[in-house]
Protein chains: 2
Amino acid sequence: MNISIIGLGLLGGSTALALKERLPGVRIIGVDTSRQHAAQALALGIADKILPLTEAVAQSDVVVVAVPVDTIVEMLPQVLDLITDGAVVVDLGSTKECICQVVDSHPRRSRFVAGHPIAGTERSGPVAAFNELLIGKQMIICDRERSDVDALEIIENIFRNRLRMQISYMDGADHDRHIAYVSHLSHISSFALSNTVLAKEKDEQSIFEMAGSGFSSTVRLAKSNPSMWAPIFIQNAQNVSQSLSAYIDELQQFKVWLEEQNEENMYRWMEDANGIRTILSGIHSNEENQA
Amino acid sequence: MNISIIGLGLLGGSTALALKERLPGVRIIGVDTSRQHAAQALALGIADKILPLTEAVAQSDVVVVAVPVDTIVEMLPQVLDLITDGAVVVDLGSTKECICQVVDSHPRRSRFVAGHPIAGTERSGPVAAFNELLIGKQMIICDRERSDVDALEIIENIFRNRLRMQISYMDGADHDRHIAYVSHLSHISSFALSNTVLAKEKDEQSIFEMAGSGFSSTVRLAKSNPSMWAPIFIQNAQNVSQSLSAYIDELQQFKVWLEEQNEENMYRWMEDANGIRTILSGIHSNEENQA
């Protein structure tokens, strides 16, 4: 089976490495506009060869589009134009509504499967890729009724049977609404925390001495790649803006109580927040079970 | 050497366990108003015996006060009243100005050392304690000039020589101003993120499926104990409120750019936030070096 991976970064690279380990006989064709990334991907064994987009897609049974979401929107109609009969295209973008819309009336819409693997780290590029990134994680497939049954089967075989991912199905618009809260918002909260602390503390040494593992954990996502995240925020602006309003409201409410020295309300608010324990232990036990 | 640990939670319990491993001949006397915690501490080998406060302090060379900061403020003058000649008291509270103020004119002020170990987890109680928590971490000592030289030596011997902590010195008011940014604020950002998501997503299963390790990391501190954190926020209200204002400003600025679809400014803002990488790698390499 020939699989093209367009975009040899963290997600594309990790998908390629996992497939080479778990899908015997697969040939990975890498596509990347960055020559440096293409060369790194070859050197790291991520891709068997590098080709220009047109040639790669023409030779492929499956095309995995793992580029930033603004590039997906630009590139996806063209990729569908280029595929051979029976081939399937899947994307791995963190937004789904815009991406589905752009191919909504494409004659080959049914050869496309809209995917979003819930996996990532704050690192990027081929050097950040590792073969275990996707294994056992969630993969959300949106608007499945718009894809051919055999196209879905091919994609599910790869992600469920080979990469051991848990597949769930969702409407694209619902996906974007939920993901604004559980992923996009936490990135913004982390970027903002970083900028707040950096603006205040010019003398890095004093932060370094006083910051512990709690700060590291909360601010970790602030290391994420702006080239990936700016287009996500732009595409999901309405949902993200709503989640951000709700978040700012929570912070402002807490600030009022703080200034009133209303310890009782602050206490109850934190107790409510403790409710996330149940959910987090669910996530972790799931990851541990799968790992 | 007899050491009383007042408060047998995560921090007090972990201090006790580390001392028993690294300070031969030490006898740990535990004090806790919770009978359950006292019983757990005995069962877990955290304390050699449990005594009421008065008796414990009367038998001790060193008293470690590891209770929530509101209780420290109430208890500290009384503890200083009760110590024997030559004994030393150290606290482990996350605020320093209020705590130093309450004993400012105490006749035994110089037997007190104001400490803040930069170590913790989101868990609490004796069952959360583990002997490695403090090892190799930072310990900030405030207003050292107010402590006797021999009192400081005893405390530094314990925390630097035995527990291998890096000691740094600071003015109490400066400590509170900085720690609002690098610790207290990240707890609030995390509590608020948890409440925002919980309020929106009544159906826990849908969060569970869509939340990944990035969300877990950012929201981890929302599991922290309100009984510990409410008094910290109250005591450091002015600094925390300032840091919170700056944080809300960052978020509101981002929201404006988001609604304007100003991708360029959003991009630059995230690039600035990436600057935290240098600092975080400093923290991590430090922890790894010491572990």
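Multiplying the residue separation of A:LEU44 and A:ARG27 by 0.36 nm and subtracting their alpha-carbon distance yields 4.6 nm.
Among A:LYS96, A:LYS49, A:LYS200, the residue with the largest mean-square fluctuation in a Gaussian network model of chain A, with springs joining Cα atoms closer than 10 Å, is A:LYS200. Full extension of the segment from B:VAL102 to B:GLU55, taken as 0.36 nm per residue of separation minus the current Cα-Cα distance, would add 14.6 nm.
Rounded to the nearest 20, the size of the Cβ-charge dipole of the protein assembly as shown about its Cα centre is 1360 debye, with Lys and Arg at +1 and Asp and Glu at -1.
Rounded, prolate or oblate: pick one for the protein assembly as shown, where a ≥ b ≥ c are the square roots of the eigenvalues of its C-alpha gyration tensor, a/c under 1.5 means rounded, and failing that, prolate if a/b is larger than b/c, else oblate. Here the protein assembly as shown falls in the prolate category. Here are some pairs, B:LYS96/B:LYS223; A:LYS200/B:LYS20; A:LYS137/B:LYS20; A:LYS202/B:LYS20; B:LYS49/B:LYS137; which of them have Cα atoms lying more than 31 Å apart in this structure? From the list (B:LYS96/B:LYS223; A:LYS200/B:LYS20; A:LYS137/B:LYS20; A:LYS202/B:LYS20; B:LYS49/B:LYS137), the Cα-Cα distance tops 31 Å for A:LYS200/B:LYS20; A:LYS137/B:LYS20; A:LYS202/B:LYS20. Once you have a ≥ b ≥ c as the square roots of the Cα gyration tensor eigenvalues for the range A:175-260, tell me rounded if a/c is under 1.5, and otherwise prolate or oblate according to whether a/b is larger than b/c. Verdict is oblate for the range A:175-260. One way to sum up the overall shape of the range B:2-170 is the equivalent ellipsoid from its Cα gyration tensor, whose semi-axes run 22, 18, 15 Å, largest first.
In this assembly of identical copies, the label point of A:ARG27 (Cα plus 7 Å along Cα-to-Cβ) is separated from its counterparts by 7.9 nm, sorted shortest first.
Taking the DSSP bridge list for the range B:2-170 and keeping only pairs wholly inside it, about 15 percent are antiparallel. Averaged over the residues of A:246-259, the number of partner chain Cβ atoms lying within 10 Å of the residue Cβ comes to 6. When only alpha carbons are used to place a centre, the range B:112-140 and the range A:142-208 end up 33 Å from one another. Highest GNM mean-square fluctuation among B:ALA47, B:ALA18, B:ALA273, for chain B modelled with Cα contacts below 10 Å: B:ALA273.
Counting only DSSP beta bridges with both residues in the protein assembly as shown, the antiparallel share comes to about 15 percent. Taking the DSSP beta bridges with both ends in chain B, the antiparallel portion is around 15 percent.
Out of every Cα-Cα pair in chain B, what percent are more than 29 Å apart? Result for the distance tail: 39 percent.
Position A:GLY136: other-copy label points at 2.5 nm, ordered by increasing distance, label point 7 Å along Cα→C-beta.
With the biggest extent put first, the Cα atoms of the range B:105-221 measure 58, 29, 21 Å across the principal axes.
If R0 is 41 Å, what FRET efficiency do you get for A:GLN238 and A:GLN261 from their C-beta distance, rounded to 0.05? After rounding, the FRET efficiency stands at 0.65. Evaluated at q = 0.24, 0.29 Å⁻¹, the base-10 log of the normalised Debye intensity for the range B:104-154, with identical point scatterers placed on the Cα atoms, takes the values -0.89, -1.07. Candidates A:SER60, A:LEU23, A:ILE140 compared by Cα position along the dipole of the range A:2-170: farthest toward the positive end lies A:LEU23, with charges placed on Cβ. Mind telling me which of B:SER14, B:SER124, B:SER227 comes out most flexible in a GNM of chain B, alpha-carbon contacts under 10 Å? Fluctuation is largest for B:SER227.
Taken together, the values in this text are just the output of simple stated rules run on the coordinates, not laboratory data. Values in this document were obtained by computation on a predicted structure and should not be read as measured data. Neighbour counts run over all protein chains shown; Cβ positions are idealised from the backbone, glycine included.
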